[in-house]
Amino acid sequence: MMKHLRLLLIVAGLCLLALPANAQPFLPASTWYAVVYQPENDTLRWINAQGEQATMPRPQLTGETQFLDLRISPDGRALVIASQLNTGVVGLGIYHFATSSFVATHSAQVGESVNLGGENIFTANSQYFAVGFASGDFANPAWRVILFESQTGSATAFIDHTHPAAPQAQLSTPAVQYIDGTYVHFQLIPQAVGGSETWPTYAWRIFGFDAAMPLISESPYTRADVQVQLLTGSTVMSYADTNFPLAPQMGPAPTMNAIGWGVLANEAPITPIHVDASRTHLQARWAHGGEWVLFLSDDVQGNRYWNAVLANGTPGNNSHIPFDPQFTQAYGTSDGYLLVNNANTLFYTNGFAPNTAQAIAQLSANSRVVYVTPLGISFMLEQIGGGNLANPVAQITPVPPIVQVTPVPPVIIVTATTAPVDCTLAPPIRVGIGVASRVVPAMGSLNLRQTPNGAIITTLAGGDTFNVIGGAICDSGLYWWQVDRNGTIGWVAEAGSDGYYIEPYTPPPPPPAGGGGQLVPPAAVFCENALPTRLAVGESATVLRDSLRPHNAPNGEAFPQRFFMEGTQVMVIGGPECYGGQVWYLISGEAKIGRIGNRTEAAQGWVSEGANGSYNLAP
């Protein structure tokens, strides 16, 4: 339920940074940049494989008394900063490096804390970001998550603890973990508790839907120690794998004996790639374009060192390199990784082994890497502050921006992204976010790409089904949609001058009414290795287990946030079909929406009658 956002918008003029006469704020083109925050002199430093390319003092909010935290957008253009102000509240500023200006600043409510969340608080295209706020006490906990637009800095929508489906959580701080094409995923981390392998996590449906009717449901991004690839959703993590011996307990925090990865949005099992029961693992990170994984390991004596393994390996069959303990920090890049040693030297290598690393910068003792260009994302910041002089290493000294604090009621508007007008000659759009779709069967193949008109990930075959989760985006005169095909996420074009490539997928229609319901008797299908079928089209059935998920096709994609619960009476309206050693039927009935709350609505989809010796449905 939406209500007026009690958020003070602080209108900021464009306060450009002053540039010394010998400065050159242009950044050389590079596939990645690292940004280092140096607190000793409150400075940001831009570093790539060739070394330091630019520095500038950290932008400050007017009235700032204590800097708290910052995040940089995936494309490197925007900065979000949180600081304590002399008014007693926390300020939040949105700053653009290219213009050296705050485009907007906001202040939290009195007594409210601000949590900038994990590293993925922005959408992959850097257009939006979300921030968590918490207040109240253990008797009256309060929280909210606000979505902001990066270009203008305006608050566009929010959800809070008063939503009818909001969890009744103890005093907790919302921490945004990941934003995909539909949902903002945030953890509610209880205050005054120890460590945990997982936290309660929720998905706020916002993109492509009416902001006045927000939906909140449980999210699969519950793990505390993960790194998500923005474009694909592939998640690498440390975790406790009970299929292997567990690591020794180290205090109250959980111990992790394994490193693995998975696409959590599909609720697929985690694939282990490295296991070591003698140590506990943490801080798993993608490297070298997702082909390698870096992680820190620790024995019961507190002896730590970083490691590298192959992402496509398996326990006992993987290339594993433990690093020299002198390396205290590690960060993945699109073509290798970065290391920081105990002498505060920053190294870079595009080789698997760290002995190929070359020193590229000397850091201060308290420096920390606050940004590395995410895998698959292009670094788009070309210059800092708009100057045009001759020195390739910029040392920029800004004039402190003047920001007037003025409360302004925000306009809360969220609409689905519309494509630019240069696609007006493209065939009309026929699919949309949430629409079950497929590759046109007559198509021999269709490329699935990392970005609209970008690099090819894989090839889809005619008839392949998928869920549409993002878009539309116009590129090269075509409409592009982000889709999820069995956990592989990418972009496909909808149509071109030669016709449509994808189309909405309509399941088989229900049987005709009035006496002709039993269209297919149980004996009409043979499915090798499947349980004997007991159902018939036109008859009712009972769901035998909780959270039975409907799919858009036999053995196809599961519809998001739809669950047939144990005991539900459903109608069998289509099938049977044999796929994957299971018999599938199209059913219709009341399905639960999300994993929390009691909201239901009519739904239909394909479900397996049974598998692994157990039936999901009974006549």
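Whole number please: convex hull volume per residue, Cα atoms of the range 287-363, in Å³. Show your work: numbers first, answer last.
Working: hull volume 6.4 nm³, N = 77.
It comes to 83 Å³ per residue, whole-number rounded.
In angstrom, the C-alpha Rg and Dmax of the range 318-365 are 10.5, 36. Using the Karplus relation 6.51 cos²θ - 1.76 cosθ + 1.60 with θ = phi - 60°, the per-residue 3J(HN,Hα) values for the range 566-578 come to 4, x, 5, 8, 10, 9, 8, 10, x, x, x, 10, 9 Hz, with x marking Gly and Pro.
Amide H contacts of residue 172 (H built 1.01 Å from N, in plane; Pro and chain starts excluded): 142, 191 sit under 5 Å, all sequence-distant by 5 or more or on other chains.
Using only side-chain charges placed at the Cβ, +1 for Lys and Arg and -1 for Asp and Glu, the dipole size of the range 261-349 relative to its Cα centre rounds to 80 debye. Shown in residue order for the range 467-475 are the 3J(HN,Hα) couplings computed by the Karplus curve 6.51 cos²θ - 1.76 cosθ + 1.60 at θ = phi - 60°: 9, 8, 10, x, x, 8, 10, 8, 8 Hz (x for Gly and Pro).
Any idea how far the Cα center of the range 220-243 sits from the one of the range 308-364, in Å? Here the answer is 20 Å between Cα centres.
Each Lys or Arg adds one and each Asp or Glu takes one away; over the other residues whose Cβ falls under 15 Å from the Cβ of residue 527, this sums to -2. Less than 15 Å from a label point 7 Å out along the Cα-to-Cβ axis of residue 110: which backbone N atoms in the range 121-143 qualify, by residue? It comes to 136, nothing else.
Full extension from residue 364 to residue 445: what is 0.36 nm times the residue separation minus their Cα-Cα distance, to one decimal in nm? Intermediate results must be reported in sequence, preceding the final value.
Working: separation 81, 0.36 × 81 = 29.16 nm, distance 5.29 nm.
Working it through step by step, the gained length comes to 23.9 nm.
In a fully extended conformation the segment linking residue 342 and residue 569 would gain 75.4 nm over its present Cα-Cα distance, using 0.36 nm per residue.
May I ask you to derive the FRET efficiency for residue 456 and residue 435 from their Cβ-Cβ distance with R0 = 30 Å, giving the value to the nearest 0.05? Could you put the intermediate results ahead of the total?
Values: r = 24 Å, r/R0 = 0.78.
Efficiency for this residue pair is about 0.80.
In this simple spin-label approximation, residue 29 and residue 534 carry label points 7 Å from Cα along the Cα→Cβ vector, and these lie 6.5 nm apart.
Can you tell me which of 445-455, 334-344 comes out highest on packing, and rank the rest after it, using the mean Cβ neighbours within 10 Å?
Packing proxy ranking, top to bottom: 334-344, 445-455.
Ligands, DNA and RNA left out, the accessible area of the range 258-371 computed with a 1.4 Å probe is 47% carbon and sulfur.
Amide H contacts of residue 161: 143, each under 5 Å away and 5 or more positions distant or on a separate chain (H built 1.01 Å from N in the peptide plane; Pro and chain starts excluded).
Backbone phi angles across the range 65-74, fed through the Karplus curve with coefficients 6.51, -1.76 and 1.60 (θ = phi - 60°), yield HN-Hα couplings of 10, 7, 6, 10, 6, 8, 9, 10, 5, x Hz in residue order; Gly and Pro are listed as x.
For residue 67 and residue 299, what does the FRET efficiency come to when R0 = 35 Å and r is the distance between their Cβ atoms, rounded to the nearest 0.05?
Values: r = 35 Å, r/R0 = 1.01.
Calculated transfer efficiency: 0.50.
Highest-first packing order for the peptide set 93-100, 321-328 is 93-100, 321-328, based on the mean count of other beta carbon atoms within 10 Å.
The values are calculated or read from the model by the stated rules, or taken from the named source; none is laboratory data. This structure is a prediction, so every number in the text was calculated from the model and none was measured. Please note: Cβ atoms are built from the backbone with ideal geometry, for glycine as well, and neighbour counts cover all protein chains shown. Ligands, DNA and RNA are excluded from the accessible area calculation, which covers all protein heavy atoms including side chains. Shrake-Rupley method; radii C 1.70, N 1.55, O 1.52, S 1.80 Å.
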